[in-house]
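Read the structure below first, then the notes.
The values are calculated or read from the model by the stated rules, or taken from the named source; none is laboratory data. Computed from a predicted structure; not experimentally measured. For neighbour counting, all protein chains shown are included, and Cβ atoms are generated from backbone atoms with ideal geometry for every residue, glycine included.
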Amino acid sequence: MEKFLDVVIAGLLLGGLYALIAMGMSLQYGVARVLNLAHGEFIMLGALSTWTLYTVFDISPLIAVAICGPITFVLGFLIHRTMFRKLLSSSTNQGIFESTSMLASFGLMYVISNLAFMAWGPEIRGYSYLMDTVSIGGALFGARRLVTLGFALAIGVAFYIFLSRTKIGKAIRAAAQDPATAGLMGVNINMVLAICFGLGAAMAGIAGVLVSMCYPVNAAMGIEYLTVAIIVVVLGGLGSIPGSFIGGFLLGIIGSIVSFIEPGLTVVAYYAIFVILLLVRPKGLLGK
Amino acid sequence: MLEINNLNAFYGSIQVLWDVSLKVNKGEIVALIGSNGAGKSTLVRTVTGLLRATSGSIKFLDHPIENLPSHVISEMGISHIPEGRRLFTDMNVLENLEIGAYPRNAWKNKGKTLEHVFQIFPRLKERGHQLARTLSGGEQQMLAMGRGLMSEPKLCIIDEPSNGLAPMVVLEVFDIIKSLRDQGITILLIEQNVRHTLEISDRAYVLENGRVVMEGDCATCLASEHIKKAYLGL
Ligand SMILES: Nc1ncnc2c1ncn2[C@@H]1O[C@H](COP(=O)(O)OP(=O)(O)O)[C@@H](O)[C@H]1O
Ligand SMILES: [Mg+2]
């Protein structure tokens, strides 16, 4: 029983990361209607930048959060302002935009990942930071993982408050439900969509910083996290941000339990969940 | 106030509006009537930037607006209360009203405007924290109109407000529209309920198959044989 609790806590620690990654993707899909296949590359950018900042410039990963977050936000914002906005204005309906934007993001994935290979090479990178352990209920956990969970929770809560309380947050919710009508109300839709895409990219970038604190990273890591993001987003309900948040923790716990029983089966279990969900409940936990 | 000249609009390759011209003067209620599919909604969608006309001009307060995005048109003072209400159904009544006040100037005054809207629609105040989708049809229309007023518009375009409402509620809606005009809001009213509409309006345009086939003051329209036959069932 005590062992079981350890496994669940480990799952929560992993789940926080998944939740953050999936929330970003969900925001990009739920509001901007882009199923962003380059999402993992923003995670990779955050992770490798943090590695460079720490090992070359001696800047702590915690400070890297404050650097990589805004940079990935601006990057995402500009990509939306140029590429996706152009696609949106040339698409005659939402269905067409969803498919062209997904293909465009597929291209973006290759561009970013190749640039990263040029910049960082294929080597696996890692660093040691915050190696202390903390005991929870008798089991020992890395302090850096707790920091990761703390960030994921804080960002989730802050984002919830942002959406429910601020003017722009309300505009985002309105635009997610009915962009044309939000425009009639005076909401600058193109701006809101670019902000959402940027925020999604920033969540990926920050997740990347946190990933680099706990796991080795390299220029090819994006695809692995993209897969997790897609599974969680489907699990939570395509486009549902609370669903992604809960789904992230759920998948983290499932992953932790499976890898406790048989580590080789973790990824298999993820795919199995994905396929079963698509067959049995395609709208996910909180989807409409 | 609003001046539309020789407007042509298409959905894909199908032409829906043919050389439509229409004018709304300050302080008027102008009715736009016509049967289902005539192109009434299409016309107002081109006015508020939801659809681009292929040719023709649209001026609001003497500024050309035919190429402006919806949010700028809303900031200029046109409120479009769309067909089918289009509420933000997952948001509560208060949040819907707040979004209505999104333009910068309206946002500053939103406390005061809200009080005013609650005076016009007292039921919205009682329902403040209820999700929009749990309201009755009549209440939803009231919310759509209240939301449309939150931007302190100079011109309100109201697309089929009485659609799907019980007769009692329809009367209430028309009374409110009349009272808006008395408060200085200019109104372009699209309706299928031709008799009531012509009774409260100053002038009317009749749209058939995407063309304006008749325009004039409402008394004349009410007396017209064509209107009597085609729209009043007499
Ligand atoms: N989104 C659309 N795509 C294609 N055709 C449309 C669309 N909306 C309306 N139409 C067509 O345009 C014509 C005018 O429609 P509409 O402006 O909605 O008429 P009304 O508001 O007078 O009932 C109709 O023939 C309708 O079928
Ligand atoms: Mg219509």
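Assuming B:THR89 fulfils every condition listed in (1) surrounded by 23 or more Cβ atoms within 10 Å (Cβ to Cβ); (2) of a type outside the set (Lys, Arg); (3) free of Cβ contacts under 8 Å to residues at least 60 places away in the same chain; (4) more than 16 Å from ligand 2 (Cβ to nearest atom) apart from one, which condition is it?
Result: B:THR89 passes all but (1).
Considering only the range B:155-165, state which residues are outside any loop (DSSP other than H, G, I, E, B) and either away from ligand 2 (no atom under 16 Å from the Cβ) or among the hydrophobic types (A, V, I, L, M, F, W, C) (or both).
B:LEU155, B:CYS156, B:ILE157, B:ILE158
Identify all residues within the range A:265-288 that are assigned to a helix (DSSP H, G or I) and more than 17 Å from A:THR227 (Cα to Cα); write none if there are none. Walk me through how you get there before you give the answer.
Here is the first cut: in the range A:265-288, the residues assigned to a helix (DSSP H, G or I) are A:265-280.
A:LEU279, A:VAL280, listed by residue number.
Which pairs do you get when a residue that is on the phi > 0 side of the Ramachandran plot, found in the range B:205-234, comes within reach of a residue that is outside any strand (DSSP E or B), reach meaning Cβ atoms under 8 angstrom, with the pair 6+ apart or on two chains?
The qualifying pairs are B:ASN209/B:ALA38; B:ASN209/B:GLY39; B:GLY210/B:ALA38; B:GLY210/B:GLY39; B:GLY210/B:THR42.
May I ask you to verify whether B:ILE81 is within 16 Å of ligand 2 (Cβ to nearest atom) and in contact with a helix residue (DSSP H, G or I) (Cβ under 7 Å, 6 or more places away or on another chain)?
For B:ILE81, the condition - within 16 Å of ligand 2 (Cβ to nearest atom) and in contact with a helix residue (DSSP H, G or I) (Cβ under 7 Å, 6 or more places away or on another chain) - is met.
Of all residues in the range A:137-172 being within 14 Å of another protein chain (Cβ to nearest Cβ) and crowded, with 20+ Cβ neighbours inside 10 Å, which is nearest to A:LEU20 (Cα to Cα)?
Per the stated criteria, the residue is A:ILE172.
Condition check: under 22 Å from B:LEU143 (Cα atoms) and more than 9 Å from ligand 1 (Cβ to nearest atom). Does B:ILE81 satisfy that?
It is true that B:ILE81 is under 22 Å from B:LEU143 (Cα atoms) and more than 9 Å from ligand 1 (Cβ to nearest atom).
If you take the residues of the range B:52-82 that are part of a loop (DSSP other than H, G, I, E, B) and surrounded by fewer than 17 Cβ atoms within 10 Å (Cβ to Cβ), which of them is nearest to the other protein chains (Cβ to nearest Cβ)?
Applying the filter and picking the extreme gives B:PRO69.
Taking the criterion of being of a type in the set (Gly, Ala, Ser), more than 16 Å from ligand 2 (Cβ to nearest atom), over 22 Å from B:MET1 (Cβ atoms) and at pLDDT 90 or above, would at least one residue in the range B:166-183 satisfy it?
First, pick out the residues of the range B:166-183 that are of a type in the set (Gly, Ala, Ser): B:166, B:179.
So of that shortlist, the ones also more than 16 Å from ligand 2 (Cβ to nearest atom) come out as B:166, B:179.
In the following step, the residues that additionally are over 22 Å from B:MET1 (Cβ atoms) were identified as B:166.
Filter again for at pLDDT 90 or above, leaving B:166.
The answer is yes, given that some residue of the range B:166-183 is of a type in the set (Gly, Ala, Ser), more than 16 Å from ligand 2 (Cβ to nearest atom), over 22 Å from B:MET1 (Cβ atoms) and at pLDDT 90 or above.
Within the range B:177-221, restricting attention to residues that are among the β-branched types (Val, Ile, Thr) and surrounded by fewer than 17 Cβ atoms within 10 Å (Cβ to Cβ), which residue is farthest from ligand 1 (Cβ to nearest atom)? Steps first, answer last, please.
Applying the first criterion (among the β-branched types (Val, Ile, Thr)) to the range B:177-221 yields B:177, B:185-187, B:190, B:194, B:197, B:200, B:206, B:212-213, B:220.
If we keep only those that are surrounded by fewer than 17 Cβ atoms within 10 Å (Cβ to Cβ) as well, we get B:213, B:220.
Details: B:VAL213: 13, B:THR220: 22 Å.
Taking the candidates together, the pick is B:THR220.
Looking at B:GLU115, B:GLU152, can you tell me which residue is modelled with pLDDT of 95 or more, away from ligand 2 (no atom under 16 Å from the Cβ) and over 23 Å from A:VAL187 (Cβ atoms)?
B:GLU115
How about the range B:17-45: which of its residues are surrounded by fewer than 20 Cβ atoms within 10 Å (Cβ to Cβ), in a strand (DSSP E or B) and touching a residue at least 40 places away in the same chain (Cβ under 8 Å)?
Residues satisfying the conditions are B:TRP18, B:ASP19, B:SER21.
Could you go through the range B:38-46 and let me know if any residue there is in contact with a Lys or Arg (Cβ under 8 Å, 6 or more places away or on another chain), within 16 Å of ligand 2 (Cβ to nearest atom) and assigned by TED's automatic domain parsing to the domain that holds B:MET1.
The answer is yes, given that some residue of the range B:38-46 is in contact with a Lys or Arg (Cβ under 8 Å, 6 or more places away or on another chain), within 16 Å of ligand 2 (Cβ to nearest atom) and assigned by TED's automatic domain parsing to the domain that holds B:MET1.
Checking the structure you have, find out if any residue of the range B:52-72 is modelled with pLDDT of 95 or more, small (Gly, Ala, Ser), assigned by TED's automatic domain parsing to the domain that holds B:LEU124 and touching a helix residue (DSSP H, G or I) at 6+ places or on another chain (Cβ under 8 Å).
Looking for residues that are modelled with pLDDT of 95 or more, small (Gly, Ala, Ser), assigned by TED's automatic domain parsing to the domain that holds B:LEU124 and touching a helix residue (DSSP H, G or I) at 6+ places or on another chain (Cβ under 8 Å), one finds none in the range B:52-72, hence no.
When both residues are 6+ apart or on different chains and their Cβ atoms are under 9 Å apart, which pairs have a first residue that lies in the range B:132-144 and is without any contact (Cβ under 8 Å) to a residue 40 or more places away in the chain, and a second that is loosely packed, with under 13 Cβ neighbours inside 10 Å and assigned to a helix (DSSP H, G or I)?
Short answer, once both residue conditions are applied: B:GLY138/B:MET168.
Looking at this structure, is B:LEU32 within 16 Å of ligand 1 (Cβ to nearest atom) and either assigned by TED's automatic domain parsing to the domain that holds B:GLY137 or under 20 Å from B:ALA204 (Cα atoms) (or both)?
Judged against the criteria, B:LEU32 is a match.
Does at least one position in the range A:133-150 carry a residue that is among the β-branched types (Val, Ile, Thr) and assigned to a helix (DSSP H, G or I)?
Within the range A:133-150, one or more residues are among the β-branched types (Val, Ile, Thr) and assigned to a helix (DSSP H, G or I).
Can you tell me which condition B:ARG195 does not meet? The list is (1) away from every other protein chain (no Cβ under 14 Å); (2) within 16 Å of ligand 2 (Cβ to nearest atom); (3) among the charged types (D, E, K, R), and all the others hold.
Result: B:ARG195 fails condition (2) only.
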